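Note sheet for the following structure.
The values are calculated or read from the model by the stated rules, or taken from the named source; none is laboratory data. The model shown is predicted, which means the values in this text are computed figures rather than measured ones. When we count neighbours, we look across all protein chains shown, and the Cβ atoms used for this are built from the backbone with ideal geometry, even at glycine.
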């Protein structure tokens, strides 16, 4: 079933935007079941707001002992990795 462009209305600003066939295919490949509720501009603004509210917490890496910061508050008793060790663990 080929996808066709759809016109949707943004839940934040009320403007209409196009949910393209390519975007629909991308959503399906990623397993997203819901259509976007916000236009690209409002999605970008919302994403930027979340980034600016991010909490940087100082940590000591459980793997190498290096001091670093993480963009969340770690759970007590659970190991936390610095950015380098985290990247290494994702590669494996």
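The figures follow:
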{"item": "Residue match in segment 3-23 (condition: surrounded by fewer than 13 Cβ atoms within 10 Å (Cβ to Cβ), at pLDDT below 95 and more than 15 Å from the chain's Cα centre (by Cα))", "result": "no"}
{"item": "Of all residues making up segment 7-20, the number that are in contact (Cβ under 8 Å) with a residue 12 or more places away in the chain, assigned to a loop (DSSP other than H, G, I, E, B) and farther than 17 Å from residue 32 by Cα", "result": "5"}
{"item": "Per-region count, segment 33-52, residues modelled with pLDDT of 95 or more and farther than 18 Å from residue 10 by Cα", "result": "0"}
{"item": "So residue 65, is it part of a loop (DSSP other than H, G, I, E, B), surrounded by fewer than 10 Cβ atoms within 10 Å (Cβ to Cβ) and at pLDDT 95 or above", "result": "yes"}
{"item": "Selection status of residue 4, on the phi < 0 side of the Ramachandran plot and part of a helix (DSSP H, G or I)", "result": "no"}
{"item": "Boolean, residue 55 is at pLDDT 95 or above, within 28 Å of residue 74 (Cβ to Cβ) and either exposed (fewer than 14 other Cβ atoms within 10 Å of the Cβ) or under 19 Å from the mean Cα position of the chain (by Cα) (or both)", "result": "no"}
{"item": "Subset of segment 27-57 [touching a strand residue (DSSP E or B) at 6+ places or on another chain (Cβ under 7 Å) and either part of a helix (DSSP H, G or I) or in contact (Cβ under 8 Å) with a residue 40 or more places away in the chain (or both)]", "result": "40"}
